[in-house]
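Below: the structure, in structure tokens.
The values are calculated or read from the model by the stated rules, or taken from the named source; none is laboratory data. None of these values were measured; they are calculated from a predicted model. Cβ placement follows ideal geometry from the backbone for every residue including glycine, while neighbour counts extend to all protein chains displayed.
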Amino acid sequence: MRFRVLGPLEVQSADGWTAISAAKWRQLLACLLLRSGQLVPTDSLILELWGDVPPSTANNLVSIYVHRLKKVIGDTEGKMLVYRAPGYVLRVGPGDVDIEHFESLAADGRTALAAADAERASALLGEALRLWRGPLLADVPPSPLIASRADRMAELWLTVTELRVEADIACGRAVQAVPGLRGLVTEHPLRERLWALLMRALEAAGRRAEALEIYAQARQVIADELGVDPGSELQRLYADLLAADASAVAPAPSVPQRPRRPSRPGQRPAPLEPDDDALAAVVAGAIAESRTAGVPREAAGASDVESGEPPSGEIGGAIAIGTFADPSAASAAQQADGMAHVPLAARPTQLPADIADFTGRETHVDHLCGLLLGGNAARSPGAVRVVVVNGAAGLGKTALAVHAAHQVSQQFPDGQLYVDLLGASSQPASPGEVLARFLRDLGIEGDKVPAKDDERAALYRTTLTGRRVLILLDNAKDAAQVRSLLPGSSSCAVLVTTRNRTSDLASTRFLDLNVLEDTEALALFARIVGEERAAAEPDATAEILVACAGLPLAIRICAARLAARSSWRIATLAGRLRNVHRRLDELKTGDLAVRASFQVSYDSLRTASNGIDPARAFRLLGLWAGTWISLSAAAALLGEPEDDVADVLEALVDINLLESPAPDQYRFHDLLRVYAMERASAEESDDARDAAVDRLLWWYLDSAQAAADRVSPQRYQISRPPDEAGYPALAFGTVDAALAWYDDERANLVAATRQAAGAGLQEVAWRLPPTLFPLFNRRGNWADCVTTHRVGADSAQKAGDRLGEAWALNQLGFALVSLRDPDAFGYLERALEIRQQLGDTRGEAQTAIVLGLGHLQMHGAGEDALRYLKHAAELLEPMGATSHRSVALNNLGEVYFALGDLDAAAQCYLQALEIAREFGSNAEGHALHNLGLVYLRQRRLAEATARLEEALLKHRASGALDGEAWTLKSLGTAQAEAGSVAAARNSLAGALRIFEQIGYRDDAAETEALLASLATGQGDGTGRR
């Protein structure tokens, strides 16, 4: 699957299953997914997104959202999300959307049940229910299409749940179904079929008295709510129970559903047997439904408020730039105000003309005006109000400052001073010369201006004392250039714009600008080229705005070029911008140019005291393909000490050539990345560029090796010949530290694999994914595992390394098994063939284990699973106690357990435990867990509890959160059956917390259902009274 809609909307990407940040993007994709393969007119999409009151630019906004979505879903070539007049088609393959798979499984399950094949029906319906993560599109704002489909799917979920319970009852699993059904009738008290199923389950479990009591409860609830008696089906069932033979013997009471067990170290557990999955799906679905699915979307937390808008009182986005209007004379009121005490010649009004087409940014303007007029008055009445607008080149700092200054100019009747300090140029303005000019502008005769700068500053402050003057210091270099230009009187206010951070300027309020939001970018573009012209080519407009990456200067240049070329189609310019290497060449018009704007900041870079050239650091950073880079990775790229690199990177942040979204993390604006790549190509030799990329990618491989060694030190791994020492890799003192690094670098590791393959570093490209496998496995990041191992297998084949190809194919097959993808078997059989040809016995056994696991998980406990796992154990036996033999025996025990041969299963688990203890591997916790489940099935409760408690300690020591959660869940079941209700509740609550933390929604729902069964007055939660 590539899309999941049964619950929150998620997309499978290089980062695994990821949510979509913007509400409108989610809404648009949801509408296209619900009508996948169909042409959805743009007018229909607009109605779904905005109802009856769409904005005038709705067509363009839909196009922009489509371009954003293409990037999110990895459809950069536009083969999946396609424009076809008069709208869009989303082409998805069979099984790409979970809802289609759900409906198909539900239909097959219904057919099997009708054909009296209850076991097959239970398996199919259970698989369908495991896809359910909550109400349809739970995080998408409702629209007519989404709301109607959500209601239909909620009804279908209930129907499938009922069919699953019916199949389980037919299979003799009525006992396990009772707790889940109790929760369902509580949430859906008027659904008579659920009451009937609960009565049938209790009757089948030998609890006829409870079944008759349930009828009385149902009758009372229905009468209270509707004022009628139950329907004929429920009444007939009641009559049948009354007439039945009262001598039937009730079977032993049941316990809560047994959790699934891990199949192998770090791997999510395979089902114990189809019986257990039946209740798991019913209980999980019942709890999920009780939370949201059975209520209207409004009550389920859906909202029609678009995300991404800044909350009231906060600043989000950036400021657009506009063209200067023709100068106009000051109003009569402005000229008259204050004239009595200030001569006309001494009342400067130097602000540049206001912006004629200034667009948006009301929040920023209001915030700036508030700071200029209110400032620090409440905290320090004598302090001068100083506000600094900071941001990168091209963000519209001057436009914002000029516009805001005009808004408050009437509050400064004694004048407004303005100067361009040329801070980004090679010759910034001298503060002393600016002071001399300001003094003359304020009425001081030229021969009265002091010669010394400090005397000029003192006279400047004296002259401004008591006067209400606004000073706009544009394009400042640093705090030192500004400091002497600050007045001493709180009656004045100062507004500064700068590309450099001036955190050392005292008593200052800062406003950091960012790129434009989509709606603001479109508004600026349409205002210049004309709304009709932009609306006529929505896709081309969206493509241009995406290429401009929200930079106001770039947007203005594109719009100005089109405005001056009425014969051009917007698509003409969009096509020219597609070539990333020529993009900056296209982003220029007249004296406006994005490259020139960046060049000013770049040319101001000076070599740091530690000897590292920041300009070279900037260039080399452009060579990295990841979306961000850590300090440690940047040090490897540059080949310099980390502390020195930190200073240089922070200097680039201060000058706004680099962003730092988090401590020790750095990233480029998209166009600055293009500029950095351009400078690297122009100023660095091929050898220097290759050496930098080599250092970085080998550093990633070495650091991944260190992390994997910490997480799984006893694993079977690829041998690596000694090579020259590269940049020192990271070291990890604990498992948690290694996993934390992987979590942070997850997307970058995928990018490193792809870049290595693209750069011809085939050895890095095929070695990195298998090296990362223990980390993929521990975190369950199978989408990343599949993506990287496909690249790795291809690189190993290109390099002619058959051993490497077998490794990559084996781990790719394992990941696909974990995703229950039948394509796994083809890759695994190729890996097995290569390893047999190479005489790699241990590798052959490794692949046989995975093949056995695949057959167990996808085809059940049958001959294929037994054959491969027995073969693996036989191959490994002459090698002695190896970690792989422990895994093989553990999985072989899984097969015997599923077949009901508990003695054989226990024997396998005991052997696996003995080997794991010798190696101290993570498999020890899984063997103990599985052994505890055997004892639980045999009702040896004390032994089961002891083994599970021991397993819990092992999982906690190894940092295996998933193993800890599964064991807590099993332990809670054992404690409930033993009558230790409080202990069971604590164990299940702990399991629930972890499942929610690591995002295992199905397991969380099952655990929540077990907790609910403990709270329904059923004593130990097993259904006993």
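Counting residues in the range 677-689 that are outside any helix (DSSP H, G or I) and touching a helix residue (DSSP H, G or I) at 6+ places or on another chain (Cβ under 7 Å) gives one or more. Looking across the range 493-539, the residues that are hydrophobic (A, V, I, L, M, F, W, C), assigned to a helix (DSSP H, G or I) and surrounded by fewer than 19 Cβ atoms within 10 Å (Cβ to Cβ) come down to A535, A536. Would the range 181-190 turn up any residue that is basic (K, R) and within 30 Å of S44 (Cα to Cα)? Checked against the condition, which is being basic (K, R) and within 30 Å of S44 (Cα to Cα), the range 181-190 yields no hits at all.
Residues in the range 666-689 that are of a type in the set (D, E) and in contact (Cβ under 8 Å) with a residue 40 or more places away in the chain: D670, E678, E683, E684. For L417, the criteria (1) in a strand (DSSP E or B); (2) farther than 30 Å from E362 by Cα hold in every case but one, which is (2). Residue selection: A625 satisfies the criterion of being more than 27 Å from N390 (Cβ to Cβ) and not in a helix (DSSP H, G or I).
Is there a residue being closer than 23 Å to L768 by Cα and surrounded by fewer than 22 Cβ atoms within 10 Å (Cβ to Cβ) anywhere in the range 641-663? No, the range 641-663 contains no residue that is closer than 23 Å to L768 by Cα and surrounded by fewer than 22 Cβ atoms within 10 Å (Cβ to Cβ). Taking each residue of the range 943-958 that is under 12 Å from G932 (Cβ atoms) and looking for partners that are of a type in the set (A, V, I, L, M) and not in a helix (DSSP H, G or I) with beta-carbon atoms closer than 8 Å, six or more apart or interchain, yields T945/A978. I'm checking my understanding of the structure. Among residues of the range 733-745 that are at pLDDT 90 or above and surrounded by 17 or more Cβ atoms within 10 Å (Cβ to Cβ), which one is nearest to the chain's Cα centre (by Cα)? Ranking the candidates gives E745 first.
What do you reckon, is A270 within 35 Å of the chain's Cα centre (by Cα) and either at pLDDT 85 or above or hydrophobic (A, V, I, L, M, F, W, C) (or both)? When the stated conditions are applied, A270 passes them. The residue that is farthest from D743 (Cα to Cα), among those in the range 781-837 that are surrounded by 21 or more Cβ atoms within 10 Å (Cβ to Cβ) and of a type in the set (F, W, Y), is Y827.
Look at the range 119-146: where a residue is in contact (Cβ under 8 Å) with a residue 12 or more places away in the chain and assigned to a helix (DSSP H, G or I) and a partner is among the aromatic types (F, W, Y) and buried (at least 21 other Cβ atoms within 10 Å of the Cβ), sitting 6+ places away or on another chain with Cβ atoms under 8 Å, you get A128/F102; L129/W157.
Of the residues that sit in the range 694-721 and are touching a residue at least 12 places away in the same chain (Cβ under 8 Å) and among the small types (G, A, S), which one is nearest to A957 (Cα to Cα)? Here the answer is S712.
Taking the range 45-72 as the range and being surrounded by fewer than 21 Cβ atoms within 10 Å (Cβ to Cβ) and touching a strand residue (DSSP E or B) at 6+ places or on another chain (Cβ under 7 Å) as the test, the residues that pass are K70, V72. Output yes when any residue across the range 936-958 is within 20 Å of V887 (Cβ to Cβ), surrounded by fewer than 24 Cβ atoms within 10 Å (Cβ to Cβ) and modelled with pLDDT under 90, and no when none is. Yes: one or more hits. Picking from residues in the range 415-447 that are charged (D, E, K, R) and farther than 14 Å from Y460 by Cβ, the one that is surrounded by the most Cβ atoms within 10 Å (Cβ to Cβ) is D420. Considering the range 448-492, and only residues there that are within 21 Å of A383 (Cα to Cα) and β-branched (V, I, T), the residue that is surrounded by the most Cβ atoms within 10 Å (Cβ to Cβ) turns out to be I471.
Checking every residue in the range 194-216 against the condition of being in a helix (DSSP H, G or I), over 23 Å from A243 (Cβ atoms) and among the β-branched types (V, I, T) gives zero matches. The residue list G626, G639, G622, G590 contains one member that is on the phi > 0 side of the Ramachandran plot and under 33 Å from the mean Cα position of the chain (by Cα), which is G639. For W157, the stated conditions do not hold, so it cannot be described as in the same structural domain as P41 (by TED's automatic domain parsing), aromatic (F, W, Y) and outside any helix (DSSP H, G or I). Among the conditions (1) farther than 22 Å from A571 by Cβ; (2) in contact with a helix residue (DSSP H, G or I) (Cβ under 7 Å, 6 or more places away or on another chain), the only one that A22 does not satisfy is (2). Here the range 596-629 is the region considered, the condition is being in contact with a strand residue (DSSP E or B) (Cβ under 9 Å, 6 or more places away or on another chain) and surrounded by fewer than 19 Cβ atoms within 10 Å (Cβ to Cβ), and the residue that is farthest from S426 (Cα to Cα) is T627. Here A392, A451, A378 are screened, and the one residue that is at pLDDT below 95, part of a loop (DSSP other than H, G, I, E, B) and more than 52 Å from the chain's Cα centre (by Cα) is A451. If we scan the range 659-670, do we find a residue that is part of a helix (DSSP H, G or I) and closer than 30 Å to A593 by Cα? Yes: one or more hits.
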